[in-house]
Amino acid sequence: MRITTLIAVLMLVSTTPPSFAGDLEPPAAPAPTMKSLEEIYSSIQAPGDHPFNYLGTTGLVSADSGLLAMTRSCQATFGAGTRMCTSAEIIQTVDLPASGNWNTNTAWVRASLVGAYGGGNSYGSLVDATGLTLWGQNQLDLSCSGWSTAAANQKKGLVIASGADHEGRFAVVSCDTQAGVACCGPVSP
């Protein structure tokens, strides 16, 4: 019985004509309405997915001005669409601004935290994209308490420093430090 079934299947397969899917070549060149995968991808990116470049600094701003005031300062200096930079955006900037865009020698920067760990003490540690590591009870603040205090030595803020002695170095400073705001804007496509 098995041999009979096998012979029947073989006869069926051998008598069925082959099937073809047709020509796989397109009939003509792609129409202008067709998009490449790169064009499709860039059109569906969320607004926050576009990279920002470091543009320069504003004039002096107090650390307790708040994030919105710091953003407004960037927009007044560099135009709409600009905002306070993160440390990661400054690090990732390829086309550096002209030295004339440094309106102050020190500028506030929003931290880009890349890690946190216990570090062997009860207060823990934070690691920023710059490589700076902070630890201890009063050291775990890189934004002057959310840009709400200008108190001396109690809270800290992240800055980038320029000038002959500090060209592009990141530092953590007391919130009573006089500094501008590091400003970033969207990268042109």
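The values are calculated or read from the model by the stated rules, or taken from the named source; none is laboratory data. The structure presented is a predicted model; accordingly, all values stated were derived computationally and were not measured. Neighbour counts are summed over all protein chains in view; Cβ atoms, including those assigned to glycine, are modelled from backbone coordinates with ideal geometry.
In the range 51-98, the residue that is nearest to residue 180 (Cα to Cα) out of those that are surrounded by 16 or more Cβ atoms within 10 Å (Cβ to Cβ) and among the acidic types (Asp, Glu) is 64.
At least 2 residues being among the hydroxyl-bearing types (Ser, Thr, Tyr), modelled with pLDDT of 90 or more and touching a helix residue (DSSP H, G or I) at 6+ places or on another chain (Cβ under 8 Å) is the threshold, and among the helices (runs of 4 or more DSSP H) wholly inside the range 2-114 not one reaches it. Where the second residue is outside any loop (DSSP other than H, G, I, E, B) and modelled with pLDDT of 60 or more and the first is surrounded by fewer than 18 Cβ atoms within 10 Å (Cβ to Cβ) and aromatic (Phe, Trp, Tyr) and lies in the range 123-140, which pairs have Cβ atoms under 6 Å and are six or more apart or on separate chains? Short answer, once both residue conditions are applied: 135/125.
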